[in-house]
1. Going through the stretch B:147-161 one residue at a time, which ones are polar (S, T, N, Q) and crowded, with 24+ Cβ neighbours inside 10 Å?
2. Residues that are away from DNA strand D (no atom under 15 Å from the Cβ) and not polar (S, T, N, Q), at least 3 per element: which helices (runs of 4 or more DSSP H) completely within the stretch B:1-90 meet that?
3. Does the stretch B:135-168 hold any residues that are in a loop (DSSP other than H, G, I, E, B) and modelled with pLDDT of 90 or more, and which are they?
4. Return the total of residues in the stretch A:9-34 being away from DNA strand C (no atom under 12 Å from the Cβ) and either in contact with a Leu (Cβ under 8 Å, 6 or more places away or on another chain) or within 14 Å of chain B (Cβ to nearest Cβ) (or both).
5. Scan the stretch A:97-134 residue by residue and report those that are at pLDDT 85 or above and assigned to a loop (DSSP other than H, G, I, E, B).
6. Just a yes or no: is a residue in the stretch A:36-43 free of Cβ contacts under 8 Å to residues at least 12 places away in the same chain and of a type in the set (D, E, K, R)?
Protein chains: 2
Amino acid sequence: MPFGKPRPERADAARNRERLLETARAMIAEHGAEKVTMDALAEQAGLGKGTVFRRFGTRAGIFRALLDDDERRFQEQVLTGPPPLGPGADPAQRLIAYGHARTAFLADHYLIVRASLERREPRWVSGMTLSHIRMLLGRTSLPPSALEGLTVQLTTALEGPFLLPHFLTDQTPEPPSDTHPTLLSDGWRILIERLVRD
Amino acid sequence: MPFGKPRPERADAARNRERLLETARAMIAEHGAEKVTMDALAEQAGLGKGTVFRRFGTRAGIFRALLDDDERRFQEQVLTGPPPLGPGADPAQRLIAYGHARTAFLADHYLIVRASLERREPRWVSGMTLSHIRMLLGRTSLPPSALEGLTVQLTTALEGPFLLPHFLTDQTPEPPSDTHPTLLSDGWRILIERLVRD
DNA sequence: AGCATAAGCGGACTTTACCCCGTTTAATTC
DNA sequence: GAATTAAACGGGGTAAAGTCCGCTTATGCT
């Protein structure tokens, strides 16, 4: 009675999901993310379109699935890794470290991240940034009444430059320029330092 | 050497643009922005689909056109209005005032703003926020090397909460809750105060 | 092994943004 | 006021996301 619960994923379904993700990765590498249409992906994988939608629900869902592994690894670093990114350092240090790490992560994954946002998707790339910032801000001496607003604003300050269509030209698959992440990391550090000092 | 000017807009074109904008406004008021499809708009206005695209280029273009008037008025207040929003106050005061005013503006127009972003559009809702913040930050005592990063981050901190699909649930035409703009205004004030104090 | 059934599958269908291009018309020139 | 011409117009055509639903199949049970 190995499985008492809901029902395991069927073997063919698992196989097909793997196959679709692999095909998608290949298509992105070869032609860029925008060439990954649902029809083309289905055909390349030798499956029906309905299957693709059943698996991922939406086009953005494919890219979210591709992102999930790395996102989980990142999350582990934050939750259980060594300080200052992980637990142990004081809140300001952790905020700064988180900003640096997140900036690097988003710069690395910007192509897939951008693709995972397309169209009306109610889900944040990851709610992790929001809740992590909220938690850390809560441990500073900032007035509690300001926490909610600041949490939202710092979250968008950190992730917005990578998520809003306007800071990255989105036609060409041009990555954020090399200086971009550095400038943002510097800005973030100053922002946090000045925000939390007494 | 016939024309010193490029060529005036044809009368029928002007008339049709007016008509399309008016129709769009009515449709938004009655059924919400997402019911404004290009076909429906063309039909309601009694014009052809091709005409709608000729005028506005893209669906988002319609909403941008609707926004333009108000945006221009807002810009005037900032550039030539009374302080602290207009010129005259010190940079920190102007930054705070700008944040309050912009937050209110975006909250008022959130429906159209959101609609004007749909799909790949290379244009920022307005580049004004970015350049205004850059200008004002430049007049503070912040280290010049941090200006670029901070400019981008403050811009996204201010506008991001209204532009990113994730802070406003976008299915329902639910406005940002009443408290939302207030929280954001408070957060912004604290952010600026702490950022620019010596 | 045989059966029942929930899950998976596929592809036709619908919707909507956006394109194309032959036709019409406003503005200008003589 | 007729001719000219560049712009505006219309609406059918295409591409791509997402839906539907009848058919197929893996799985767990007996």
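The values are calculated or read from the model by the stated rules, or taken from the named source; none is laboratory data. All values derive from a computational prediction rather than experimental measurement. FYI the Cβ positions are ideal-geometry reconstructions off the backbone, even for glycines, and counts take in every protein chain you see.
1. Across the stretch B:147-161, the qualifying residues are B:Q153, B:T155, B:T156.
2. By residue number, B:11-31, B:59-80.
3. B:R139, B:T140, B:S141, B:L142, B:P143
4. 9
5. Selection gives A:H109 alone.
6. Yes.
Table: residues versus (1) of a type in the set (G, A, S); (2) more than 14 Å from chain A (Cβ to nearest Cβ).
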| site | (1), (2) |
| --- | --- |
| B:G81 | yes, yes |
| B:D90 | no, yes |
| B:I96 | no, no |
| B:T103 | no, no |
| B:A107 | yes, no |
